[in-house]
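So the structure is just underneath, and the comments pick up after that.
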Amino acid sequence: MASRKKADEEKLKKRRLARFRFKRLVHVVICNRYWITEIEDREIGNNVTRNVAVIDRRLTHKGTLTIIEKKILNSPPAERTREQRRVLRTVLRKIECLQELTVDQLNDLAGCATFEYFGPGRVILREGHHPNGVYFLANGEITVSRLRWDSIYLRHNDTPCGTRTRGQMFGEIALLHDCPRTATCTTATDCELLCLSRADFDRILKHTLLDRWRQLQLALERFDYFKYWTNDQVRECCLLSRIVAFDTQQKLPVDGDARYTYFVLSGQCMILQCLTVAKVHGTYRLVPIATNESAAAEQTSRDASAAPMQPTIEHRFIDVGTFSCGSVFGLGEPMPHRMVVARNRVQCLVIPRGWLFEKQQNVGNTWQRIRMKLEMTIQRDRLFEQFVRDQRWQRYRKALVREYVRLHPRQNATQLADVPIMCRVEQGEI
């Protein structure tokens, strides 16, 4: 009787163990279903050994990390070989927020970073909680929200205040300033994260990020616009902004779909305006800016058919101004046929325009007023009038010189070829 009871217990134990293993397997598949779909279904068959080999061999991936790299990150840090660290170091270099780190720092990160996957709607960080680590977003999108007091309903509401996308870091503010979490971070999509514990963060990144943070704070102090900001606003601005350098003659990306505002810290930027003019018999006419290429071609064909002589289309670039130290631009002002080019080496503080235009940072519509001033300062019609006056003066000056030479011919027989080439000074036509 006792032996039968013992056998039943053994069977029950084995059955529970099998059920537990099956649940564990299902749980792992569900948690990793997002990146397991990287394997094409047509390559998976009934042969388990072949399927494992196919998964291990394929390197195509979604986002930044491949399956092999995720496998390395899921392994214990102490068991990672030198070759595996080299592979992870190459991957970490691709993440935008880690591109400025040294090789030693990347090697240390490769030896301790871990991988985590979270589906949509998962809370990664909770405002007010104790910080335990920092996260790097390899793929996906994170919604950042903060508790705001609602004076009508007399309660705190979790209000979205920003997002984090691939290549960005979050969770470092609490570790840098040794304070509770300042915001709640929730996954908006399937997210793949690289995780770093607090001890590893203090050892590898804290000193570098504190230096970067101080540089941003010093940059903000140079502008009177930020003089009355609160500590929370300065902290959030330092989190979102960065300092970017541009070489001489490099074009700044302020046109098109640019989403950033530029504050010049050093150097000078020139504003180049392109005037498209039609020239007929020495007379210039300003060609209007078309909304698209087909409209521009249609307008040119109409002008050509209306005029007895086909006009010559010319593009004239005019230096209309300079942004020097302390200037601000990129506030959404229209940039038709206009560009900003670095006159010498330039350093700019770059801040997201959308965040800058929020009510807390835009007291008294400061940025709209600056944008209106920029729009009124540079106008194509006024520039074209000045261009026409300059052309008339050039023609008058040339005619005057030719008339003077005709009435007062040279008294010696010296020719241009008689003058040594090192002594010649030639002035080009404008």
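The values are calculated or read from the model by the stated rules, or taken from the named source; none is laboratory data. Note that this is a predicted model, so its numbers are computed, not measured. All Cβ positions, even for glycine, are placed from backbone atoms using ideal geometry, and neighbour counts span all protein chains on display. Side chains are part of the model used for accessible areas, which takes the heavy atoms of the whole protein and leaves out ligands, DNA and RNA. Shrake-Rupley method; radii C 1.70, N 1.55, O 1.52, S 1.80 Å.
Brief remarks on what is shown
Residue-by-condition table, conditions (1) modelled with pLDDT of 90 or more; (2) more than 15 Å from Gly167 (Cβ to Cβ); (3) among the basic types (Lys, Arg):
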position: Asn51; (1), (2), (3): no, yes, no
position: Ile68; (1), (2), (3): no, yes, no
position: Asn74; (1), (2), (3): no, yes, no
position: Glu96; (1), (2), (3): no, no, no
position: Asp104; (1), (2), (3): yes, yes, no
position: Asn107; (1), (2), (3): yes, yes, no
position: Cys112; (1), (2), (3): yes, yes, no
position: Phe115; (1), (2), (3): yes, yes, no
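- Taken together, Ala413, Ala399 contain a single residue that is farther than 30 Å from Leu265 by Cα and at pLDDT 90 or above, which is Ala399.
- Test result for Ile152, of a type in the set (A, V, I, L, M) and open to solvent by less than 20 Å² (accessible area, probe 1.4 Å): no
- Counting the residues of segment 253-278 that are at pLDDT 90 or above and charged (D, E, K, R) gives 0.
- Set side by side, the residues Arg316, Arg397, Arg380 differ, and just one is more than 23 Å from the chain's Cα centre (by Cα) and exposed (fewer than 12 other Cβ atoms within 10 Å of the Cβ), which is Arg397.
- Qualifying residue in segment 190-198 (condition: at pLDDT 90 or above, open to solvent by less than 70 Å² (accessible area, probe 1.4 Å) and not in a strand (DSSP E or B)): yes
- Residues that are modelled with pLDDT of 85 or more and open to solvent by less than 70 Å² (accessible area, probe 1.4 Å) were ranked within segment 236-252; the one that is nearest to Val340 (Cα to Cα) is Leu252.
- Here Gly282 passes the criteria (1) on the phi < 0 side of the Ramachandran plot; (2) at pLDDT below 90 except the one numbered (1).
- Scanning segment 216-232 for residues that are farther than 23 Å from Val144 by Cβ and in a helix (DSSP H, G or I) yields a count of 4.
- Any hit, segment 203-210, residues being open to solvent by less than 70 Å² (accessible area, probe 1.4 Å), out of contact with any strand residue (DSSP E or B) (no Cβ under 8 Å at 6 or more places or on another chain), in contact (Cβ under 8 Å) with a residue 24 or more places away in the chain and part of a loop (DSSP other than H, G, I, E, B): no
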